[in-house]
Structures are given as structure tokens and as C-alpha cells.
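The values are calculated or read from the model by the stated rules, or taken from the named source; none is laboratory data. Remember, it's a predicted structure, so these values are computed and weren't measured experimentally. A quick note on method: Cβ atoms are made from the backbone with ideal geometry, for glycine too, and the neighbour counts reach across all protein chains shown.
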């Protein structure tokens with residue numbers, strides 16, 4: 001019994017320490033900084049907590065509008081990436097056969113390259129001298145390069161959908177692999193058409209994976225700042241870019257921390273609301 005308990009704690013403590021040091025502690029530090037009036041003096045010097053940063057944030061409506069826009073953009077990206085990842089996952093599980101492992105490896109190849117390189121590749125594709133403009137000029141469909149393809153929120157959405165599709169496919173693949181094949185045989189015996197079998201058996205049973213993929217894309221995309229910075233420009237800025245500016249250019253860490261805390265609470269409330277509205281047990285049954 002003691003050996004089993006020791007093994008349990010030996011396996012549990014390393015990940016708990018890792019999460020505590022690199023996830024929980026930075027969040028608590030950022031939350032504490034958000035209640036400071038400024039960062040004058042030493043970081044560890046005693047200071048009086050204040051809500052001045054949150055009061056300033058509440059008075060500026062543009063921050064709240066940008067947060068709402070970022071949430072809508074993240075919603076669009078999450079829905080699109082999940083919808084596009086589903087047929088890929090379905091093919092890998094039910095149609096690829098012996099080639100499934102090869103196709104899964106091809107799906108995972110983007111993970112082997114830098115995130116920044118993949119984003120920069122889209123910047124070159126959408127640019128004035130990129131692949132798309134070059135093809136349209138070659139075919140004579142346009143006379144001048146299109147400038148509307150880059151440095152806007154449409155470019156941000158397109159790039160992030162591409163980036164997140166492989167991530168979204170993995171939980172859906174896992175959910176589809178857990179479906180018992182005997183359920184399909186039973187549906188066929190009862191006279192269900194392939195379309196009816198999909199909507200009454202396959203899709204409901206794969207919904208946990210679909211929702212996991214959706215939230216896995218939605219949550220980090222709300223605070224995304226690298227892709228909007230590279231392909232969005234000033235017209236494609238999102239809420240994360242404002243936070244980055246206050247931490248870097250403005251050097252106002254307390255206000256940047258307050259912005260981060262508001263985004264965190266807002267995102268968690270949206271996720272909690274969605275999970276409360278969507279009852280997985282009812283959907284599966």
C-alpha cells in the first residue's frame with residue numbers, strides 16, 4: 001500500500017510542480033501586478049492594492065469593443081477550423097485503412113516547423129508579390145496586385161484557420177476512434193442510410209471531441225497577438241496586441257496585467273456559459 005501511494009505521488013508531484021511554477025505562479029503574479037498603481041520602486045517593496053487600473057480600463061470603451069471583436073474572430077476561427085478538421089478526422093479513422101498512420105504523419109508535419117515560419121509563409125503568399133497575386137496577374141484576371149489580401153482581419157482569420165486545423169483534428173480523431181463499430185452494424189441492420197447513420201450515431205458520439213477541438217482553438221485565439229502583428233497590421237489588431245503594447249512599448253505592466261485578467265475572466269465566462277448551455281449527456285444520448 002505504501003509503495004502504491006509513493007508511486008502515485010512520485011508520478012503526480014512533477015507535473016503539479018511544473019504547472020505551479022510555470023502556469024499558476026505567473027498568473028498569480030500578473031493578478032497581483034494588476035492591483036498596483038504603478039511599478040515605481042522595487043517589485044517586492046510593500047504596496048497598497050488599488051483598483052485604479054480596472055477603473056481606467058472601465059472608462060475606455062474601445063478596449064471592450066476590441067475584446068468583443070477578438071472573441072467574435074476567435075469564434076469564427078474555432079468554428080471554421082473545427083468544421084474543416086472533422087472530415088479530415090473522419091477520413092483518417094474510417095476511410096484511410098492501412099494508410100491511416102501515414103496520413104496522420106502528414107497531418108502532423110506542420111508541428112515540425114516553427115509557428116512563425118508557417119505564419120510568415122502566409123504573409124508571403126498573400127503579399128503583393130506573393131503566389132496568389134502572381135497567379136492572378138499571370139492569368140490576366142487582375143492588372144494590378146491586390147493589396148486587400150494582407151494586413152486586415154480577413155488575413156488573420158485565414159492564417160489562423162490554417163494553423164489550427166491540425167490541432168483541431170487530433171481530439172476529433174481520438175473521439176471517433178472510441179466509437180464501437182458494432183453500433184454501425186446495428187444501424188445498418190435497422191435500415192439506416194449512411195447519412196442517417198452519421199447524424200444519429202457518428203456525429204453525436206464524436207461531439208466531446210468536437211467541443212474539445214473547438215475550445216482548444218477558441219481559448220488561445222482570443223488573446224492571439226503574433227499572427228495579427230505579422231499578417232494583420234494596424235487594421236488587423238486584436239485584443240492581444242493591445243496587451244503586448246502595454247507590456248513592451250508603453251512599459252505599463254499594471255495596466256497590461258489588468259487587461260490580461262479581464263480577458264482571462266471573459267474567456268472563462270464564455271466557456272462556462274457554453275458548457276452550461278450545451279449538455280453533452282443530452283447530445284450523446
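Values for this structure:
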| read-out | value |
| --- | --- |
| Some residue of the stretch 120-135 being surrounded by 15 or more Cβ atoms within 10 Å (Cβ to Cβ), closer than 27 Å to residue 210 by Cα and touching a residue at least 60 places away in the same chain (Cβ under 8 Å) | yes |
| Residue among 256, 240, 236 that is within 24 Å of residue 61 (Cβ to Cβ), modelled with pLDDT under 90 and surrounded by 14 or more Cβ atoms within 10 Å (Cβ to Cβ) | 236 |
| Scope the stretch 44-66; condition under 27 Å from the mean Cα position of the chain (by Cα) and either free of Cβ contacts under 8 Å to residues at least 60 places away in the same chain or within 17 Å of residue 253 (Cβ to Cβ) (or both); matching residues | 54, 57, 58, 60, 61, 62, 63, 64, 65 |
| Condition met for residue 156 (surrounded by 16 or more Cβ atoms within 10 Å (Cβ to Cβ), touching a helix residue (DSSP H, G or I) at 6+ places or on another chain (Cβ under 8 Å), at pLDDT 90 or above and within 19 Å of residue 92 (Cβ to Cβ)) | no |
| Matching entry among 86, 91, 162, 151 (being touching a helix residue (DSSP H, G or I) at 6+ places or on another chain (Cβ under 9 Å) and outside any helix (DSSP H, G or I)) | 151 |
| Residue satisfying all of: in the stretch 163-197; free of Cβ contacts under 8 Å to residues at least 24 places away in the same chain and buried (at least 17 other Cβ atoms within 10 Å of the Cβ); nearest to the chain's Cα centre (by Cα) among these | 197 |
| Residue list for the stretch 121-148, filter: in contact with a helix residue (DSSP H, G or I) (Cβ under 7 Å, 6 or more places away or on another chain), farther than 24 Å from residue 88 by Cβ and not in a loop (DSSP other than H, G, I, E, B) | 123 |
| Lone qualifier among 80, 98 - being in contact (Cβ under 8 Å) with a residue 40 or more places away in the chain and either surrounded by fewer than 15 Cβ atoms within 10 Å (Cβ to Cβ) or within 23 Å of residue 171 (Cα to Cα) (or both) | 80 |
| Residue among 40, 62 that alone is exposed (fewer than 12 other Cβ atoms within 10 Å of the Cβ) and assigned to a helix (DSSP H, G or I) | 62 |
